[in-house]
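The structure appears right after this line, and notes come after that.
The values are calculated or read from the model by the stated rules, or taken from the named source; none is laboratory data. Just so it is clear, the model here is predicted, and its values are computed rather than measured. Counting neighbours? That spans all protein chains shown, and the Cβs are built from the backbone with ideal geometry, glycine included. Please note that ligands, DNA and RNA were not included when accessible areas were found on the heavy atoms of the full protein model with its side chains. Shrake-Rupley method; radii C 1.70, N 1.55, O 1.52, S 1.80 Å.
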Amino acid sequence: MGQEGIRLRPPRNSLDRRAVGWWRTQWLLVTAPPVVVLAVLGALIEPARTWLLLPAAALAAVGLACAALLPRWWYRVHRWEVTDEAVYVLTGFFLREWRIAPMSRIQTVDTVRGPLEQAYGLATVTVTTASSRGAIRLAGLDHETAAELAGRLTEITRATPGDAT
């Protein structure tokens, strides 16, 4: 089927709910080291204590707020779906990005499970296409869903004739 069968529409699937905890943990792991360094230096260097502890407190507050709010927000807006014709992905809130990868344009399908993803039982599927926009990433999927999806995409793309355009 050519691209005439592909239309822009909201994808049906949300990510796994555990992605919220995974994203929160990532925020906290990125925020914690600079906060700890500033706090330790503030405790050790008395003349600069205020100038080190204030940024540490501000960074900790922003990091905690982001860890509390952003992952829930992302969970609500990130969507994906795979049909026999294409892979649909919708991301972003303020800047919405709709990506559609026709099956005939898919080159590779990869599944990755980093240590943190493994701890949460999640995986990321990366669909590389012939597009100059780069690969489509489906992060925050249940690891079994990701493995099934990678297998399904491989079967569909194998059965789909290449795009002549």
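Among residues belonging to the range 84-98 that are closer than 21 Å to Ala147 by Cα and in contact with a strand residue (DSSP E or B) (Cβ under 9 Å, 6 or more places away or on another chain), point out the one that is surrounded by the most Cβ atoms within 10 Å (Cβ to Cβ). First the steps, then the outcome.
Restricting attention to the range 84-98, the residues satisfying the condition of being closer than 21 Å to Ala147 by Cα are 84-90.
So of that shortlist, the ones also in contact with a strand residue (DSSP E or B) (Cβ under 9 Å, 6 or more places away or on another chain) come out as 85-90.
Working: Glu85: 19, Ala86: 22, Val87: 26, Tyr88: 23, Val89: 21, Leu90: 18.
Ranking the candidates gives Val87 first.
One line per residue, one yes/no per condition, for (1) more than 30 Å from Leu41 (Cα to Cα); (2) in contact (Cβ under 8 Å) with a residue 24 or more places away in the chain:
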site: Ala56; (1), (2): no, no
site: Gly63; (1), (2): no, yes
site: Ala67; (1), (2): no, yes
site: Ile100; (1), (2): yes, yes
site: Leu116; (1), (2): no, yes
site: Thr129; (1), (2): yes, yes
site: Ala139; (1), (2): yes, yes
Item to complete: Output the number of the condition that Ala32 fails; it satisfies all remaining conditions of (1) in contact with a strand residue (DSSP E or B) (Cβ under 8 Å, 6 or more places away or on another chain); (2) surrounded by fewer than 16 Cβ atoms within 10 Å (Cβ to Cβ).
Response: (1)
Worksheet item: Restricting attention to the range 107-125, which residues are open to solvent by 20 Å² or more (accessible area, probe 1.4 Å) and either among the acidic types (Asp, Glu) or within 21 Å of Glu81 (Cα to Cα) (or both)?
Response: Gln107, Thr108, Val109, Asp110, Thr111, Val112, Arg113
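Name the residues in the range 50-59 that are small (Gly, Ala, Ser) and open to solvent by 30 Å² or more (accessible area, probe 1.4 Å), would you? Let's see the steps before the verdict.
Of the residues in the range 50-59, the ones small (Gly, Ala, Ser) are 56-58.
Those that are small (Gly, Ala, Ser) and open to solvent by 30 Å² or more (accessible area, probe 1.4 Å): Ala57, Ala58.
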Worksheet entry | Within the range 74-83, tally of residues that are buried (at least 16 other Cβ atoms within 10 Å of the Cβ), hydrophobic (A, V, I, L, M, F, W, C) and within 15 Å of the chain's Cα centre (by Cα) | 2
Worksheet item: Looking at Pro47, Pro11, Pro71, which one is farther than 30 Å from Leu149 by Cβ and either exposed (fewer than 12 other Cβ atoms within 10 Å of the Cβ) or within 18 Å of the chain's Cα centre (by Cα) (or both)?
Response: Pro47
Worksheet item: Which of the residues that make up the range 11-56 are farther than 30 Å from Glu97 by Cβ and either assigned to a loop (DSSP other than H, G, I, E, B) or β-branched (Val, Ile, Thr) (or both)?
Response: Val35, Val36, Val37, Val40, Ile45, Thr50
Worksheet item: What number goes with the only condition from (1) in contact with a helix residue (DSSP H, G or I) (Cβ under 7 Å, 6 or more places away or on another chain); (2) modelled with pLDDT under 95; (3) not basic (Lys, Arg) that Ile6 does not pass?
Response: (1)
